[in-house]
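A short reminder: the numbers here are calculations on the coordinates, not readings from a lab. This one's a predicted model, so the numbers in the text were calculated from it and none came from an experiment. Glycine also receives a Cβ, built like all others from the backbone with ideal geometry; neighbour counts cover every protein chain displayed.
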Ligand code: SF4
């Protein structure tokens, strides 16, 4: 959606919008293999219509998609009506190589005579980030200087040791170099509220998920079971785990249904961090809004390291980069909220990542449902375990977070393409009827 909207914005900036009579979008690589199940086609259509993921209204989205799919029209950028037939103007090219990145999109704009007006390639590099193809692998353009720049966990720990700041305080100071502090605070609250709202909605929504697998939603039934146990005064020792699983499953069912989730660090792995955060606020004595803030700021630092030094894209490194990264972030966030030292937080993040190394991405039918939904529940449970183990120690440990991130990157590079969001291997081929 973002890449399509950026292409439309570039047409507008070049003064070409009014000349455009036809747009063709082509998905390559992993996007072509799993784009159908991942909802990429509707996302591209909405982006061409000028919508953005943060603000798109579900009712408007339904109307825009109906116009394109049924009436073959599209208001380019929300204004300029053009003919657009998804069957011929939104193509899935599974054969052409994608040298820059496995998630590549190409946009072509033509005038009424069929002459090319503009052509652009964008890559979706994970976590909702898109970059022009030429920028893949390049360092991001320099932004506002921050007071505490870091490129590794080791540097982050050194800054903490030198300044006496916690990881959350370091991240907050850096964020405030880019935004006024009150905006940063507002953003944190908005993220928390969206995550919690998503859990609540998912826990109260039953029925089937969209798609050919006809997967039954489970979070609402889990909630009913847990509530019934409570009324009967039954308390299973593992009840907390059922709650955490329910929180994660609720979010990932919302994601599979196309509802709003917080990309954390990706949509497929969006359930881990909210589930662990909800565990913190519902189950941990002394939980507070300040702790929630510490949780999210700390998780941000770990997510940045994972993205900077490895990848959070299943198409690049498999699910270790998605659910593994989410687990690492959540483990660090929980440890921080519970009062861990910076060294213990780094240890928690390392444990969370280490025990996801090598995990492949093999979504059945290209849908983000099996194994993705349940996998988030396991990622959340592992994150709690990682935080707990780290807090039983003093922060000293054998494999550093930097080493495990480098290992994740190399393991992803060594991984066969069929295990990297192409639905060509693993569980995805264990069900021939899909
Ligand atoms: S298997 Fe993991 S990486 Fe692949 S789509 Fe599912 S959640 Fe994302």
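Worth pointing out:
- Kirkwood radius for the chain, taken over all pairs of different Cα atoms as the inverse mean of 1/r, rounds to 22.4 Å.
- Computed from Cα positions, the angle between helix 239-256 and the longest principal axis of the chain comes to roughly 10 degrees.
- The listed peptides 155-166, 267-278, ordered by packing as a protection proxy, come out as 267-278, 155-166 (highest mean of other Cβ atoms within 10 Å first).
- A straight chain from residue 119 to residue 240 at 0.36 nm per residue would run longer than the Cα-Cα distance by 38.3 nm.
- Within the chain, antiparallel bridges make up roughly 85 percent of the DSSP beta bridges whose residues both belong there.
- The calculated FRET efficiency for residue 60 paired with residue 14, based on their beta-carbon distance and R0 = 22 Å, is about 0.25.
- Ranked packing of 301-307, 112-118, 407-413, 168-174, most packed first, by mean Cβ within 10 Å: 301-307, 168-174, 407-413, 112-118
- The slack between residue 396 and residue 144, meaning 0.36 nm per residue of separation minus the straight C-alpha distance, is 87.3 nm.
- Relative to the longest principal axis of the Cα atoms of the chain, helix 342-354 runs at roughly 60 degrees.
- Full extension of the chain between residue 93 and residue 193 gives 32.1 nm of extra length, using 0.36 nm per residue less the Cα-Cα distance.
- Principal-axis tilt of helix 153-163 within the chain, Cα atoms, nearest 10 degrees: 60 degrees
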